[in-house]
Amino acid sequence: MSIQQCIVAASVFAQFFLTVAQAQDTPPTIAAVDDATINDAGLRKSVVSISVKQELRLPSTPWKRESPQSFGGSGVVVAPGRILTNAHVVEQASEILVESQQTKLPLVAELIALDTTRDLALLEIVDADFVRLHPPIALLQGLPREGSRVTVMGFPMGGEALSTTSGVISRIEWAEIGRHDEDGMRVQVDAAINFGNSGGPAFVDGKIAGLAFSGVEKAMADNIAYLLATEEISRFLDEVATGDIDGNTLISLSAQSLENSALRAKLGVSADIAGIVVNTVRCGPLEPWDILTKLNGYDLDNKGQILIEGDRKVSLGCAIGRFVASETVNTIPAEIIREGKPMHVELPAFAQNRGVIRRYPDGNFPYVVYGPLVFSPLHQDLVEEAGLWMVIQESPITPYLHDDRPSNGREFIAIASQLLSSPIGRGYDVDPGQTVKSVNGRIPQNFRDFVKLLREVQGEFVVIEFNENLSDHIVFRRAEVDAVTEKIMDSNGIRHASSSDVRDLLEKN
């Protein structure tokens, strides 16, 4: 992955907490058995099978769930009654059932935390027998060494019994781990990981060394599979404990390598200087042509890599990922060279999924029905479904597509679905994703403000203007909208005129 890809497209994600969260108990000791059997027998007690019924919501029909789909995965107990698994195993699930070698019947689990940026989720079962029979397993502190023996457990396809495969740690790197290409620390192993292993643990020396989340198709490569590293797990668990799952830390920066001799000569860089060259930055003290040499205490090489644990070379994203934001410290220390002079600067850091165009990982997309139109805050899932027509039409939202800076309450309002059938919509054409400029000349600041504008419209006509240069103006008679909305909802199986988060704004005074 190039420096541009690592820094521009991903904006560089993640947080790091200096201590790794440990489970509260350890597996029971089994007497008069060799060490390998002790570890295996104790660990197997805490690996579970997860069965899920998933009912997705689509951005274009945010008022309903799709037909149920059934599939499964694996998990591991990391605290009394609490099970760690992948987000993609349980996201938008209407039912989650858990079984193990010790359970007599499947038990209902509650999803208590979800982080798609790390592909992690936490389930809870309050059943006393389950808690007693499934002791928590501790997380391995730090990263395992390459070449370490690893045992992967789970419930992959091909049978119903617990499966155990083994191999070695092949590689450790800062790379894609999230559901939407977010970066984090991942561990490559050569142990077999197949469909159904997702969310299952990998053990090194009797502790969790990672969580299975991906394998590479055999058509592409053999014996390559990936684990989420324990530092990703511990950050997630720490955020669960605080009640604020805000994803990985970001900074707004694009840069390039400092390998080219002509580039180094132009900047007057001596042979003993290493770092990367800043191209653009949306906020903070950096300027184009600054040479970034040190970030969060880590020295950068000319490719934008850092050394961790003495001899491991990883992407500079790890330096940002290992920054711990707090109420008093929310800037990342950095060293730069500007016009030949060394300088210390502080780079603003912020949590992801707080930008103008955010995600709704639970699928509960906000919406409001207004006559034949359905509106929603513009979110990433809607952008992906709508495609690139917005870029072609010179939409003002394009600069925000990869801008993760905090929105400070600002949102774009978008058309969520095609025009619903009604005589009052005749002659109009709308595209999902096109964004509202104004309602009767008033510009909404966010979705709640937009719903208020619709409620407070005065006069005979409602005029909705859009930002995109090829979009029609929509003009309705206000009385006609009021008359047809309920009928349109009934025809399309829409129970409520809005999502619950803005329903209070539509209630009559």
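The values are calculated or read from the model by the stated rules, or taken from the named source; none is laboratory data. Everything quoted here is computed from the prediction, not taken from an experiment. Backbone-built Cβ (ideal geometry, glycine too); neighbour counts: all protein chains shown. To get the accessible areas, we keep the full protein, side chains included, count just its heavy atoms, and leave off ligands, DNA and RNA. Shrake-Rupley method; radii C 1.70, N 1.55, O 1.52, S 1.80 Å.
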Residue match in segment 50-62 (condition: surrounded by fewer than 17 Cβ atoms within 10 Å (Cβ to Cβ), touching a residue at least 12 places away in the same chain (Cβ under 8 Å) and part of a loop (DSSP other than H, G, I, E, B)): yes
Verdict on residue 151 being assigned to a loop (DSSP other than H, G, I, E, B) and buried (at least 18 other Cβ atoms within 10 Å of the Cβ): no
Total residues in segment 307-343, condition in a loop (DSSP other than H, G, I, E, B) and more than 21 Å from the chain's Cα centre (by Cα): 8
Residue 503 vs. criteria free of Cβ contacts under 8 Å to residues at least 60 places away in the same chain, within 33 Å of the chain's Cα centre (by Cα) and surrounded by 10 or more Cβ atoms within 10 Å (Cβ to Cβ): yes
Residue within segment 258-281 that is in a strand (DSSP E or B), at negative phi and out of contact with any Leu (no Cβ under 9 Å at 6 or more places or on another chain) present: no
Number of the exception - residue 77 against (1) in contact with a His (Cβ under 8 Å, 6 or more places away or on another chain); (2) of a type outside the set (S, T, N, Q); (3) at pLDDT 95 or above; (4) within 30 Å of residue 385 (Cα to Cα): (4)
Residue check, residue 229 at pLDDT 95 or above, more than 30 Å from residue 339 (Cα to Cα) and of a type outside the set (S, T, N, Q): yes
Selection status of residue 15, modelled with pLDDT under 50 and either in a strand (DSSP E or B) or open to solvent by 50 Å² or more (accessible area, probe 1.4 Å) (or both): no
Residue in segment 463-472 that is touching a residue at least 12 places away in the same chain (Cβ under 8 Å) and either on the phi > 0 side of the Ramachandran plot or touching a helix residue (DSSP H, G or I) at 6+ places or on another chain (Cβ under 6 Å) (or both) present: no
Residue within segment 279-286 that is of a type in the set (A, V, I, L, M, F, W, C), more than 28 Å from residue 172 (Cα to Cα), out of contact with any strand residue (DSSP E or B) (no Cβ under 6 Å at 6 or more places or on another chain) and modelled with pLDDT under 95 present: yes
